[in-house]
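Only one structure is covered here, and it is reproduced in the block below.
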Amino acid sequence: MTKITIKETQNPTILKFEFEDFITKNQNFEFKNIDEAQASPLAQQLFYLPFVKTVYISGNFIAIERYSIVEWDDVKDAVAEQIASFVDKGGIIIKVDENAPKKQPITVYGETTPNPAALKFVVSRMLTKNAIEYKNIDQTASSPLAKELFKFPYVKEVFIDENYISVTKYDINDWDEITLEVRTFIKQYIENGGTVLDESLIEVATKNDITKDEAFDKLDVTSQQIINILEEYVKPAVAADGGNIAFDSYNEDDKTVKVILQGACSGCPSSTFTLKSGIENMLKSMLNDEAIKVEAVNA
C-alpha cells in the first residue's frame with residue numbers, strides 16, 4: 001500500500017504529496033493543463049479534478065496548486081487517497097523516455113557550517129574556479145542554478161565555489177524541513193545537464209578594468225603580504241565552512257585591514273570572533289605588527 005504524506009508549503013494554494021521513495025529519475029516536471037501532461041498519466045488524471053490548476057512532479061513528491069474554489073482542508077485527504085490508489089493499481093506516474101540522454105550520476109551531501117542559517121551542499125565534481133556570491137535573484141545572470149534556487153521562498157543567499165554551494169536561508173523554515181528538498185533539487189539539476197555557472201558572464205576584472213595580477217602589483221607591500229596570508233592560510237579554512245573571505249583594502253595610517261565575508265561567513269554569529277581572535281591575531285603575528293585591526297565591510 002503506497003503511503004502518501006501531506007505537507008504544506010509557504011504558498012497556501014500549493015500542497016505537497018510526498019512518497020517514501022523517489023518517483024522521478026533526476027527530472028522536474030510542471031504541467032499547467034491536461035494537454036501538457038502527456039508524459040504523466042497521473043497528472044492527467046488529477047486534472048479531471050476541477051480545482052487542480054498546476055501539477056509539479058519532482059524528487060519524491062507531487063505538488064498541486066489549486067484554484068480558490070475549494071480549500072485544501074476539504075479535499076486533501078481525498079486527493080492523497082486518489083494518488084495512492086492510482087499507484088497501487090499500477091498507474092504510471094511519469095513515462096520513461098528511452099531515448100533520453102544518459103544522466104551523469106553525482107552525489108550531493110549537506111554539511112553544517114558555523115552559521116546556523118547556512119548549509120553547505122558539497123558536489124562530487126568541480127563546479128567553478130571563481131567564487132561568486134548572489135544576494136538576490138536579480139544578480140543571477142551568470143548562474144542559472146542560483147536563479148532556480150532563489151525561487152524557493154526560504155532561500156536568502158547563494159554562494160558557489162569550487163565543488164560546493166552554500167545556501168543561506170530565511171528563518172521561515174528549519175533546515176530539517178528543507179535540506180532534502182534543496183539537496184535533491186541540486187543533484188537533479190546538475191545531473192540533467194543544467195548550467196551551474198556561465199564563467200563567461202562572471203566579472204573577473206577589477207573596478208579599473210585591469211587584471212587581478214595587475215591590480216595586485218599596484219598595491220603596497222603590506223597589502224600584498226596580507227592578500228598572500230589570506231589566500232594561503234585563511235581561505236582554505238573558511239572554504240571548509242562553506243564561506244569565503246576577500247581582501248578589500250588596507251589603511252596604512254590606522255593599520256586597518258578591511259575584508260569582505262561571503263557565503264556562510266556572511267552574517268555568521270561567530271564571524272566577529274573569527275576575525276578578531278583568528279585572522280587579526282594571525283596577521284599581527286605574521287606581519288609582526290600589534291597595531292593591525294581587521295574589520296568586515298559587510299559585518
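The values are calculated or read from the model by the stated rules, or taken from the named source; none is laboratory data. Computed from a prediction, not measured in an experiment: that's the story for all the values here. Note that we place each Cβ from the backbone using ideal geometry, even for glycine, and neighbour counts take in every protein chain shown. Accessible surface areas use protein heavy atoms only, side chains included; no ligands, DNA or RNA. Shrake-Rupley method; radii C 1.70, N 1.55, O 1.52, S 1.80 Å.
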Picked from the stretch 156-167 (must be open to solvent by 10 Å² or more (accessible area, probe 1.4 Å) and not in a loop (DSSP other than H, G, I, E, B)), the residue farthest from Lys129 (Cα to Cα) is Lys156
Given the criteria open to solvent by 50 Å² or more (accessible area, probe 1.4 Å), more than 26 Å from Leu149 (Cα to Cα) and without any contact (Cβ under 8 Å) to a residue 40 or more places away in the chain, does Lys95 qualify?
no
Could you say whether any residue in the stretch 106-122 is open to solvent by less than 20 Å² (accessible area, probe 1.4 Å) and more than 20 Å from Gly243 (Cα to Cα)?
-> yes
Flagged in the stretch 133-155 as open to solvent by 30 Å² or more (accessible area, probe 1.4 Å) and in a strand (DSSP E or B), in numbering order, are Glu133
Taking the stretch 75-89 and the residues there that are of a type outside the set (A, V, I, L, M, F, W, C) and open to solvent by less than 60 Å² (accessible area, probe 1.4 Å), the one that is nearest to the chain's Cα centre (by Cα) would be Lys76
Considering residues that are farther than 15 Å from Ile172 by Cβ and either touching a residue at least 40 places away in the same chain (Cβ under 8 Å) or in contact with a Gly (Cβ under 8 Å, 6 or more places away or on another chain) (or both), the number found within the stretch 3-13 is 4
Filtering helices (runs of 4 or more DSSP H) wholly in the stretch 176-290 for at least 1 residues that are at pLDDT 80 or above, open to solvent by less than 40 Å² (accessible area, probe 1.4 Å) and polar (S, T, N, Q) gives 221-229
